[in-house]
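See below for the structure under consideration.
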């Protein structure tokens, strides 16, 4: 990695969505807290996987985001969560879907990284979490009066590059309000909602999950990064396909870091709360939409 590039970098997002009036500061504070948590891991020499897990655990703990605490209620009034984590060192994947009764789905996904299985669903995912002695929780505790009434397209995510040059990407979501029981979107699916490869970089998405999955959007962004496109350009180009396939309401956002430390993000949703930080920054930059980012990495 060239000397002019940061030796580590981290970017987090709080979901492609419309942020309700009055929730702006909570979104800013939340992504900032997540970025600060991940930054501490990286400055202490921790791994990209550790930083991504740590950052997303913060987002899962805040009811303003649709992940963990404050997750959306499905058509039956229950909570089914999904999360995924990918390690760019060996392209190992850990993911859980329609999991219930855990406080931090991202940590369950993390524990799957060394396992043969890459994706566990429902009861199987819960049994694995219990076997791993991860924190279980009564579903009632996942419901929060502080959560927005309608949670849409609100997957959270993080991408990190550590001092050793390793990349990781992660996602976590509480699903869509009123969705069918058992619904699975793009978030836990590698190549759709996330991807990481040390040879290229990493990406994490949020948005219209069904359309993102249909066009395997993470894979398309990675392909663009591999041929040398800048992250923001690669994301913007890939996102333009969503309305073509899913209709005018199919929107989304994505964050990315390349192997040489270039950070980028873009969205075609109304808002996309983002915070990023790298070795040359004293504190994270925080924005609720790309139009606020005058630095435009």
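The values are calculated or read from the model by the stated rules, or taken from the named source; none is laboratory data. What you see is a predicted model; the values in this text were computed from it and never measured. In this analysis, Cβ positions are derived from the backbone assuming ideal geometry, glycine residues included, and neighbour counts consider all displayed protein chains.
Observations on the model:
- Test: residue in the stretch 73-89 that is assigned to a helix (DSSP H, G or I), buried (at least 19 other Cβ atoms within 10 Å of the Cβ) and either free of Cβ contacts under 8 Å to residues at least 60 places away in the same chain or out of contact with any strand residue (DSSP E or B) (no Cβ under 8 Å at 6 or more places or on another chain) (or both): no
- Counted residues, the stretch 99-125 - those being in contact (Cβ under 8 Å) with a residue 24 or more places away in the chain, surrounded by fewer than 23 Cβ atoms within 10 Å (Cβ to Cβ) and over 18 Å from residue 54 (Cα atoms): 6
- Of the residues in the stretch 13-34, at least one is within 23 Å of residue 186 (Cβ to Cβ) and assigned to a loop (DSSP other than H, G, I, E, B).
- The numbered conditions (1) modelled with pLDDT of 95 or more; (2) under 19 Å from residue 209 (Cα atoms); (3) surrounded by fewer than 24 Cβ atoms within 10 Å (Cβ to Cβ) are all true for residue 95 except (3).
- Sole exception among (1) within 28 Å of residue 293 (Cβ to Cβ); (2) not in a helix (DSSP H, G or I) for residue 184, by number: (1)
- Looking across the stretch 211-231, the residues that are in contact with a helix residue (DSSP H, G or I) (Cβ under 7 Å, 6 or more places away or on another chain) and without any contact (Cβ under 8 Å) to a residue 24 or more places away in the chain come down to 220, 224.
Results for (1) closer than 22 Å to residue 19 by Cβ; (2) surrounded by fewer than 20 Cβ atoms within 10 Å (Cβ to Cβ); (3) in contact (Cβ under 8 Å) with a residue 40 or more places away in the chain, shown as yes or no for each residue.
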position	(1), (2), (3)
233	no, yes, no
243	yes, yes, no
246	yes, yes, no
249	yes, yes, yes
252	yes, no, yes
258	no, no, yes
262	no, yes, yes
267	yes, no, yes
271	yes, no, yes
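- The residue list 146, 158 contains one member that is at pLDDT 95 or above and either outside any helix (DSSP H, G or I) or touching a strand residue (DSSP E or B) at 6+ places or on another chain (Cβ under 8 Å) (or both), which is 158.
Every residue, every condition in (1) touching a strand residue (DSSP E or B) at 6+ places or on another chain (Cβ under 9 Å); (2) in a helix (DSSP H, G or I); (3) at pLDDT 95 or above, yes or no:
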residue: 203; (1), (2), (3): yes, no, yes
residue: 213; (1), (2), (3): no, yes, yes
residue: 220; (1), (2), (3): no, yes, yes
residue: 225; (1), (2), (3): yes, yes, yes
residue: 238; (1), (2), (3): yes, yes, yes
residue: 248; (1), (2), (3): no, no, no
residue: 275; (1), (2), (3): yes, no, yes
residue: 294; (1), (2), (3): no, no, no
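- Single unsatisfied condition, residue 55 versus (1) out of contact with any helix residue (DSSP H, G or I) (no Cβ under 7 Å at 6 or more places or on another chain); (2) at pLDDT 95 or above; (3) buried (at least 17 other Cβ atoms within 10 Å of the Cβ); (4) not in a strand (DSSP E or B): (1)
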